[in-house]
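Q: One structure, as structure tokens, below. Some questions next.
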Protein chains: 2
Amino acid sequence: MTSIRVLLADDQALVRGALAALLSLEPDLEVVAEVGRGDEVVEAALRSVPDVALLDVEMPGADGIEATAALASAVPDCRVLVVTTFGRPGYLRRAMEAGASGFVVKDTPARQLAEAVRRVHAGLRVVDPSLAAETLVAGRSPLTARETDVLRAARDGGTVADLAASVHLSEGTVRNHLSAAIGKTGSRTRAEAVRIAEQNGWL
Amino acid sequence: MTSIRVLLADDQALVRGALAALLSLEPDLEVVAEVGRGDEVVEAALRSVPDVALLDVEMPGADGIEATAALASAVPDCRVLVVTTFGRPGYLRRAMEAGASGFVVKDTPARQLAEAVRRVHAGLRVVDPSLAAETLVAGRSPLTARETDVLRAARDGGTVADLAASVHLSEGTVRNHLSAAIGKTGSRTRAEAVRIAEQNGWL
DNA sequence: GATCATCCCTGACATTTGTCACGGTGACCT
DNA sequence: AGGTCACCGTGACAAATGTCAGGGATGATC
């Protein structure tokens, strides 16, 4: 029996190498490529032809979701298993919509990772059950495109004038969008709205 | 020659297990304990008598800095190597002041981790050179104790009234501390001050 | 004992922020 | 064609925020 070829993508070199060591302990798994940026995933996949890609969500270049979408269209035979630090509902939803076969949080026991890779390779879906439930109740983002833009720009904590400049809108409009976002997130402050939206993976 | 006994502390089970796998590849290293919380470190160290403790900074219960201090007084023979996702100047400074022998960022190549453990065990200090330089220019936190408290409480984005309640201060005092923090961080907004202070590891 | 820094508080002020009501545009669907 | 929805803007208002100038209290340092 031929072994399962795995591509590893994580921006933290130490974690990446450690995961490689972990998976290499399994006789039926073989790590054939490692990258540290989201925009290097497709290129590496074309070169090494992996069966399964293990993608982190937080990465420079392109995040794991974008990489998933790119990979699904460029190398459709390669299944995607997304691994992430943060179990945010929006991440799970967007990852699955982008074509991922599995979604694993970094809290899960190390023993289960290899098994998750095998399941994904076998065509099954692997999803953390509690996170799946959370995703269902959280629903998809209630924010409109512009509200998301404005809230994203508000993450680094500038004034309304700063936001207006960076999004090319009037100050009044920016405040309207912020007000709407505050209402939809059930918060009382711009900063709180940012925090909630971020926790849900809406940004 | 007897092998180096290593204790592993990281809240993410997957990363913890992966690091264990990575270190276990080295014939002269032996992982003798794994914990997922900062407040379990000392207990585990007393039981397993490690030579080197690998501590993550971000952990529930007690963070890696607090765990370092506790370990240094409870098990002084055990050297501490701090590993962290974020290379924040304040983290490095506080870790060293708490008695750590080394400080490694998770960006470093996996190959170097085992070598870092060996160096620390040999009594040497291991510090990322670029981060060390950054720490020198950043200096220690300019914030007073109360300013730090208030700014920490402001992280989740509540109103001044919320902060005043959570820190047991008058609203006016809270605003004064925030104003001082804004001035010292060279920012224009409370949220921006929080962001800057957080990036420098001052919270 | 004087000096200094920090702390806590007050009160007042200008600015910013969040809210609301409103009008107008374009896209999409029925 | 009409209805709905997101979008952009205006103007105006109350509330929250950031700033400043004070005063009193504490503890460390010289």
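Q: Go through region B:110-130 residue by residue and tally those that are within 14 Å of chain A (Cβ to nearest Cβ) and more than 20 Å from residue B:7 (Cβ to Cβ).
A: Qualifying residue count, region B:110-130: 2.
Q: Let me ask something else about it. Look at residue B:88 and say whether it is more than 16 Å from DNA strand C (Cβ to nearest atom), basic (Lys, Arg) and within 30 Å of residue A:189 (Cα to Cα). Even if it seems obvious, please write down each step before you answer.
A: Values: more than 16 Å from DNA strand C (Cβ to nearest atom): yes; basic (Lys, Arg): yes; within 30 Å of residue A:189 (Cα to Cα): yes.
Yes.
Residue by residue, here is whether (1) touching a strand residue (DSSP E or B) at 6+ places or on another chain (Cβ under 6 Å); (2) crowded, with 24+ Cβ neighbours inside 10 Å holds:
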| site | (1), (2) |
| --- | --- |
| A:10 | yes, yes |
| A:26 | no, no |
| A:32 | yes, no |
| A:47 | no, no |
| A:61 | no, no |
| A:97 | no, no |
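Q: Name the residue, out of A:149, A:107, A:162, that is within 14 Å of chain B (Cβ to nearest Cβ) and in contact (Cβ under 8 Å) with a residue 12 or more places away in the chain.
A: On the way: A:149 fails: within 14 Å of chain B (Cβ to nearest Cβ); A:162 fails: in contact (Cβ under 8 Å) with a residue 12 or more places away in the chain.
Of the residues listed, the single one that is within 14 Å of chain B (Cβ to nearest Cβ) and in contact (Cβ under 8 Å) with a residue 12 or more places away in the chain is A:107.
Q: Give the residue, chosen from B:8, B:23, B:14, that is under 16 Å from the mean Cα position of the chain (by Cα), within 11 Å of another protein chain (Cβ to nearest Cβ) and at pLDDT 95 or above. Lay out the reasoning, then the answer.
A: Details: B:23 fails: under 16 Å from the mean Cα position of the chain (by Cα); B:14 fails: under 16 Å from the mean Cα position of the chain (by Cα).
Only one candidate qualifies: B:8.
Q: Now, a different point. Hey, among B:123, B:139, which residue is at positive phi, surrounded by fewer than 16 Cβ atoms within 10 Å (Cβ to Cβ) and within 19 Å of the chain's Cα centre (by Cα)?
A: On the way: B:123 fails: within 19 Å of the chain's Cα centre (by Cα).
That would be B:139, the only listed residue that is at positive phi, surrounded by fewer than 16 Cβ atoms within 10 Å (Cβ to Cβ) and within 19 Å of the chain's Cα centre (by Cα).
Q: Let me ask another. Just checking, how many residues over region B:122-152 are charged (D, E, K, R) and in a helix (DSSP H, G or I)? Give the derivation first.
A: Step one: filter region B:122-152 for residues charged (D, E, K, R), giving B:125, B:128, B:134, B:140, B:146-147, B:149, B:152.
Those left that are additionally in a helix (DSSP H, G or I): B:134, B:146-147, B:149, B:152.
Of the residues in that region, 5 qualify.
Q: Any residue at all in region A:121-143 that is within 16 Å of DNA strand D (Cβ to nearest atom) and among the charged types (D, E, K, R)?
A: yes
Q: Follow-up question, since we're still on this one. Among the listed residues A:155, A:175, A:119, identify the single one that is among the charged types (D, E, K, R) and either in the same structural domain as residue A:24 (by TED's automatic domain parsing) or assigned to a loop (DSSP other than H, G, I, E, B) (or both).
A: Exactly one residue qualifies, and that residue is A:119.
Q: Can you say whether residue A:56 is more than 14 Å from chain B (Cβ to nearest Cβ), of a type in the set (Asp, Glu) and closer than 25 Å to residue A:92 by Cβ, as far as the supplied structure shows?
A: No; evaluated as a whole, the condition is false for this residue.
Q: Then there's this: Only one of B:61, B:87 is more than 14 Å from chain A (Cβ to nearest Cβ) and outside any helix (DSSP H, G or I). Can you tell me which?
A: Criteria check complete, one pass: B:61.
Q: Additional query: When you scan region A:76-111, how many residues do you find that are in contact with a Pro (Cβ under 8 Å, 6 or more places away or on another chain) and of a type in the set (A, V, I, L, M)?
A: Selection size over region A:76-111: 0.
The values are calculated or read from the model by the stated rules, or taken from the named source; none is laboratory data. Since the model is a prediction, treat every value here as computed from it, not as a measurement. We place every Cβ from the backbone using ideal geometry, glycine too, and count neighbours over all the protein chains shown.
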